[in-house]
1. Shielding by partners for B:102-114, please: the mean number of other protein chain Cβ atoms within 10 Å of each residue's Cβ.
2. Given the Cα-Cα distance of B:E147 and B:E171 and 0.36 nm per residue of separation, how much length would full extension add, in nm?
3. Below 8 Å, C-alpha to C-alpha, sequence gap of six or more: please give me the relative contact order for segment B:71-215 in percent.
4. On alpha carbon coordinates alone, what is the Rg over Rh value for segment A:76-137, Rh being the Kirkwood radius?
5. Which residue fluctuates the most in chain B, going by a Gaussian network model with Cα springs under 10 Å, if the choices are B:G121, B:G87, B:G248?
6. At 1.4 Å probe size, with the rest of the protein present, what percent of the exposed accessible area of the protein assembly as shown is carbon and sulfur atoms?
7. Measure off 7 Å from each Cα along the Cα-to-Cβ vector at A:E227 and A:R326, then give the distance between these two points in nanometres to one decimal.
8. Where is the GNM fluctuation largest for chain A (alpha-carbon springs, 10 angstrom cutoff): A:V256, A:V246, A:V345?
Amino acid sequence: MKELRLMKGNEALAEAAIRAGVDAFYGYPITPQSEIMEYLMAQKTQERTGMVTLQAESEVSSINMVYGAAGTGKKVMTSSSSPGISLMQEGISYIAGAELPCLIVDVVRGGPGLGTIQPSQADYFQATKGGGHGDYHLIVLAPSSVQEMYDFVKLSFDLAFKYRNPAMILSDGLIGQVMEKVEISEQIPRTTSFDPSWTITGKTPDRERNIITSLELDSAVMEKRNEKLQAKYQKMQETEVRYEEVQCEDADYIFVAYGSSARICLKAVQIARQKGIKVGLLRPITLFPFPTKPIAELSKRVKGFLAVELSAGQMIEDVKLAVNGRTKAEHFGRMGGVVHTPGEVLEALEQKIIGGK
Amino acid sequence: MDVQDIIKEENLVYTKTKLMTDNVLSYCPGCGHGTANRLVMEVVDEMGIQADTIGVSPVGCAVFAYDFMNIDMTEAAHGRAPAVATGIKRVWPDKYVFTYQGDGDLAAIGTAETMHACNRGENITIIFINNGIYGMTGGQMAPTTLEGAKTTTCPYGRDVKTMGYPIKITELISQLPGTYFVTRQAVDTPANVRRAKKAIRMAFENQKLDKGLSFIEIVSSCNSGWKLSPVKANQWMAENTFKYYPLGDIKVNGELVSK
């Protein structure tokens, strides 16, 4: 018998963390995701599973706590929202450089600067294009429901450990705050065995010392390390792309949208179909690696794409690269925490793509 | 008598610490880092805790401590070592976790991480090498640089009116209830080296007893940065630095030492 609950997105994610056998959560409060740590604290995670939940003095500190614990092979995570994620970028670059698995959750709010506490998708560049210094990528998953907030926790850790790479759940204030039905999975026990080939769990006589570092002063060696990282990202692009297609088979026009924007586009698809306009939705689930190939395939036969985002136009760059000039690709977005309506989205499609030049 | 004739087992009063690797130290001759590195490894060796010790390596000259210490280590970004150590210790409470940091690292960019790890009473050891200068980046002013001292970014001497005062971070953190053992040592003379080692040993013993945070400042010279010979740098340190940063215990067993 499956267990069903009515939960906020943030709470579902927190419960998923406990049930996924996460060892530690190090975080710092910021709206609209504070419920994650509040929930974990209320659940007495130490008593429930032995999971550590600790409030750090800052986001800078919490991401470095994650870095330290991730080096020991433990399942560790943090969560924050846009200004907090900016503070974490230094640590995220180090974690990517040292090739450590961990989960970072960004429940995005409107920016720039202190911005607003309302939902936004304006952290797309920061999440998918590095964000911190150096050439690196996170594995980025974009939930569009409370169920996915739950499911993507385990998936993120599976991918993070598979590639020894930090993963990010890129959510937003809407998905974090909305309440929906969620199916809860069984508790996974916390693991006690760690890969001795790279973890810093104490040097035993049977192996050499392990060192977690991103430092390499020899440029020739550093270039090799970078090439290895890039090969890893290439492999992700070949094997880990996830996306959902809705009514794309016969579509003349395609919305490309993720997260809360995808939910709104889904409604716009229904309205359009009622009006006789053949529209479909391609919803990227992984933002890195991005579903470039399916978009490229569709671009050979559809009349245009509209990237719908809660931003000034960020994912549209990846859509345009995939389309590569074969057909129209435009952007529609609202900014600063304003969420577009299905009507606005459809109007933008009619103006920019159907009626556009 | 030839040198090789002198180097014999029976003549040795001291041998290389087992837990130091054979890598050539990257520290300048005369620098205190080599001695401090060695002392930490001697303590880990004598306590037999190599398999249970995890070190956090800093930025600055000591970033390559992991090349010399034969234990599992992680590098940390500038100033973040106490947070990194916290992250490790909380998921491995039975391991011995220490950070090894310089003054720019710990007392400037990492002030918040230092204060809060101390305030939480993390059951870790912080080893703080204070040489009053940024060594690796070429001898710039540190928060611990003495008044009037010349560095590349205060070439006419540190003017406290515009550059602030040398910070006594060790005294500051001793005020926090989370700190259990706070001491200031040096490694410039054989007697001081022995005292410093005793302090490091006590810090690791405190971890075993889950007593909270132990903080060991080791006042050191940077003869290259100070532009003095190793001997003169140590003399200068004894005559000037120790006046502002007096050696000795500041807090023992959670109680401030009355002077």
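1. Working: counts 0, 0, 0, 0, 0, 0, 0, 1, 3, 0, 5, 7, 0.
Mean inter-chain Cβ contacts per residue within 10 Å come to 1.
2. Values: separation 24, 0.36 × 24 = 8.64 nm, distance 1.78 nm.
Extending this stretch completely gives an extra 6.9 nm.
3. On the way: 231 pairs, mean separation 33.2, N = 145.
Relative contact order here is 23 percent.
4. Details: Rg = 11.5 Å, Rh = 11.9 Å.
In segment A:76-137, Rg relative to Rh is 0.96.
5. Highest fluctuation among the options: B:G87.
6. Details: 13370 of 25010 Å².
With neighbouring chains kept in place, the figure for the protein assembly as shown is 53 percent.
7. Between A:E227 and A:R326, the simple spin-label model gives 3.2 nm.
8. Evaluated over chain A, the most mobile residue of the options is A:V246.
The values are calculated or read from the model by the stated rules, or taken from the named source; none is laboratory data. Bear in mind the structure is a predicted one, so any value in this text is a computation, not a measurement. Cβ coordinates were reconstructed from backbone atoms using ideal geometry, including for glycine residues, and neighbour counts include every protein chain displayed. Surface accessibility is based on the protein's heavy atoms, side chains included, excluding ligands, DNA and RNA. Shrake-Rupley method; radii C 1.70, N 1.55, O 1.52, S 1.80 Å.
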